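Note sheet for the following structure.
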Amino acid sequence: MKQSQLFYKSFKEAPSDEISQNAILLTRAGFIDKLGAGIYSFLPLGLRSLNKIENIIRQEMDAVGGQEILMPALHPKENWQQTGRWENFDALFRLKGPEDRDYALGATHEEIVVPLAKGLISSYKDLPLYLFQIQTKFRKEARAKSGLLRTREFRMKDLYSFHADQDDLDAYYEKAKEAYFKIYERCGLDEKTYLTLASGGTFSKYSHEFQTLAESGEDIIYICQNCDLAINHEIKQEHLICPECGGNEFKKEKAIEVGNIFKLGNKYSDPFGLKFKDKEGNENTVIMGCYGIGPTRILGTIAEISHDERGLIWPAEVSPFSIHLLVLGEGEKTRKNAEELYEKLIAEGADVLYDDRDISAGQKLVEADLIGIPTRIVVSEKTLAKKSAEIKNRTEEKTELVPISSIFDFLP
């Protein structure tokens, strides 16, 4: 992609109406644009990173047997009445449709996926079943002030699992934990992300959150210094010792919630009569689990914790591009060599943003750091004098001069 054709604009100053680092940096670097409180457009750079995060999630959900579907974002009132949540889900956006019918914008999808599954599940042979979607959600968030971390419109991956018995649910729940940590590892968050005990609600002693350490985090967690299990603030008073290892030393930290998983039991299958017949022909209630992770929240969390004073620092798998090629200088020979290198990189399948703009070298270098692509290559009259290009990793200060003829040997 040539940067001269890229739909974006960078800014030297922070936007006056943003206080969170993720919103400031992503706006300044031209990844997002704010339409209103908690409502953002994703520009090409931001959408490329968001798509990469969603593809990582898809791959890891596929690996644990998930089948992707896409459910409606517009929900009839009747589905929400069935579970009693039409009246008491405070964050639900409600609206009127034709013939004065009531609808909701999807904040979550239990009320939709259960009757959907009911049409397909009748026997033990139909179980277990794992359905997931990546969908735009809407919540009437009262405190939309943390950039992509607390919005009114956001992307969410919901995985719903359907089981014949508790043992099968428990086993799959452990697989889901492992899949989530693979997602965080690939997104560059694993070293700061902790499995965190939370209240389990009606049907299990605990649910689990995944919390990423961040100085700006709105959540408080307590990390066991013996086994690294964390406990969230709301249930810590019940646990003077770690329920996993018996340890009694905890470290208090601020964190951002980047995922959660629940054992739902029959909480949603009962209201919709979701049942199956076992081998003996007896009718039983299907039990469920649900597993949520927000791609836009992941993107915001990466920006929140992975940056320096110059700008963003993207982990390799979620960076909008893998290589940022800069041509410095206006000489015809310099530009020709840069263009040729760009074409070679593209031909080899490299994911390249080429800064071909007619602006100063200083501005190009500053914007490259702000955007934060992992590998920067510079072609200039100075490097060409040695038939070379300059390579620099975004996380390092040193640069390396390498021969253009063997540049692929030096790329990640």
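May I ask you to list pairs of residues, at least six apart or on different chains, whose Cβ atoms are under 9 Å apart, with the first in the stretch 1-29 being closer than 16 Å to Gly372 by Cα and the second being among the hydroxyl-bearing types (Ser, Thr, Tyr) and in a helix (DSSP H, G or I)?
So the pair list comes out as Phe11/Thr27; Asn22/Thr301.
Which condition breaks for Glu390 when tested against (1) assigned to a strand (DSSP E or B); (2) under 31 Å from the mean Cα position of the chain (by Cα)?
(2)
Kindly indicate whether any position in the stretch 174-194 is acidic (Asp, Glu), buried (at least 20 other Cβ atoms within 10 Å of the Cβ) and either out of contact with any Cys (no Cβ under 9 Å at 6 or more places or on another chain) or in a helix (DSSP H, G or I) (or both).
At the first step, the residues of the stretch 174-194 found to be acidic (Asp, Glu) are 174, 178, 185, 190-191.
Then drop every residue that is not buried (at least 20 other Cβ atoms within 10 Å of the Cβ), which leaves none.
Among the residues of the stretch 174-194, not one is acidic (Asp, Glu), buried (at least 20 other Cβ atoms within 10 Å of the Cβ) and either out of contact with any Cys (no Cβ under 9 Å at 6 or more places or on another chain) or in a helix (DSSP H, G or I) (or both), which makes the answer no.
So which residues in the stretch 393-412 are β-branched (Val, Ile, Thr) and either in a strand (DSSP E or B) or touching a His at 6+ places or on another chain (Cβ under 9 Å) (or both), if there are any at all?
The initial filter retains those residues of the stretch 393-412 that are β-branched (Val, Ile, Thr), namely 395, 399, 402, 404, 407.
Answer for the stretch 393-412, where residues must be β-branched (Val, Ile, Thr) and either in a strand (DSSP E or B) or touching a His at 6+ places or on another chain (Cβ under 9 Å) (or both): Thr399, Val402.
With over 17 Å from Tyr268 (Cα atoms), touching a residue at least 24 places away in the same chain (Cβ under 8 Å), surrounded by fewer than 18 Cβ atoms within 10 Å (Cβ to Cβ) and among the polar types (S, T, N, Q) as the only criterion, which of Ser146, Ser123 stands out? Spell out the reasoning first.
Details: Ser146 fails: surrounded by fewer than 18 Cβ atoms within 10 Å (Cβ to Cβ).
Going through Ser146, Ser123 in turn, just one is over 17 Å from Tyr268 (Cα atoms), touching a residue at least 24 places away in the same chain (Cβ under 8 Å), surrounded by fewer than 18 Cβ atoms within 10 Å (Cβ to Cβ) and among the polar types (S, T, N, Q): Ser123.
Considering Ile57, Ile53, Ile134, which residue is in contact with a helix residue (DSSP H, G or I) (Cβ under 8 Å, 6 or more places away or on another chain), assigned to a strand (DSSP E or B), in the same structural domain as Gly36 (by TED's automatic domain parsing) and under 29 Å from Tyr40 (Cα atoms)?
Ile134
Out of the residues in the stretch 279-300 meeting the condition of being among the β-branched types (Val, Ile, Thr) and in a strand (DSSP E or B), tell me which one is surrounded by the most Cβ atoms within 10 Å (Cβ to Cβ).
Let us first name the residues in the stretch 279-300 that are among the β-branched types (Val, Ile, Thr), namely 285-287, 293, 296, 298.
Cutting the leftovers down to in a strand (DSSP E or B) gives us 285, 287, 293.
Details: Thr285: 14, Ile287: 24, Ile293: 26.
Taking the candidates together, the pick is Ile293.
Quick check on this structure: which one of Lys236, Lys251 is in the same structural domain as Gly119 (by TED's automatic domain parsing) and modelled with pLDDT of 95 or more?
Answer to the selection: Lys251.
Just one of (1) under 25 Å from Ser406 (Cα atoms); (2) at pLDDT 95 or above; (3) touching a helix residue (DSSP H, G or I) at 6+ places or on another chain (Cβ under 9 Å); (4) surrounded by fewer than 17 Cβ atoms within 10 Å (Cβ to Cβ) trips up Gly331, so point out which.
(2)
Quick one: Phe276 ticks every box in (1) on the phi > 0 side of the Ramachandran plot; (2) buried (at least 18 other Cβ atoms within 10 Å of the Cβ) except a single one, so which number is it?
Every condition holds for Phe276 apart from (1).
For the condition assigned by TED's automatic domain parsing to the domain that holds His239, among the small types (Gly, Ala, Ser) and assigned to a helix (DSSP H, G or I), what is the one hit in Ala171, Ala107, Ala198, Ala144?
Values: Ala107 fails: assigned to a helix (DSSP H, G or I); Ala198 fails: assigned to a helix (DSSP H, G or I); Ala144 fails: assigned to a helix (DSSP H, G or I).
One residue alone meets the criteria, Ala171.
Sort out which residues of the stretch 158-217 are modelled with pLDDT of 95 or more and basic (Lys, Arg), and write them in order of number.
Correct list: Lys175, Lys177, Lys182, Arg186, Lys192.
Got a number for residues in the stretch 353-387 being free of Cβ contacts under 8 Å to residues at least 60 places away in the same chain, part of a helix (DSSP H, G or I), under 27 Å from Ser306 (Cβ atoms) and touching a helix residue (DSSP H, G or I) at 6+ places or on another chain (Cβ under 8 Å)?
0
If I go through the stretch 274-333 residue by residue, how many of them are more than 19 Å from Leu45 (Cβ to Cβ) and aromatic (Phe, Trp, Tyr)?
2
Of the numbered conditions (1) in contact (Cβ under 8 Å) with a residue 24 or more places away in the chain; (2) among the small types (Gly, Ala, Ser); (3) surrounded by 13 or more Cβ atoms within 10 Å (Cβ to Cβ); (4) under 30 Å from Leu325 (Cβ atoms), Gly65 satisfies every one except a single condition; which is it?
Every listed condition holds for Gly65 apart from (4).
The values are calculated or read from the model by the stated rules, or taken from the named source; none is laboratory data. All values reported here derive from a predicted model rather than from experimental measurement. All Cβ positions, even for glycine, are placed from backbone atoms using ideal geometry, and neighbour counts span all protein chains on display.
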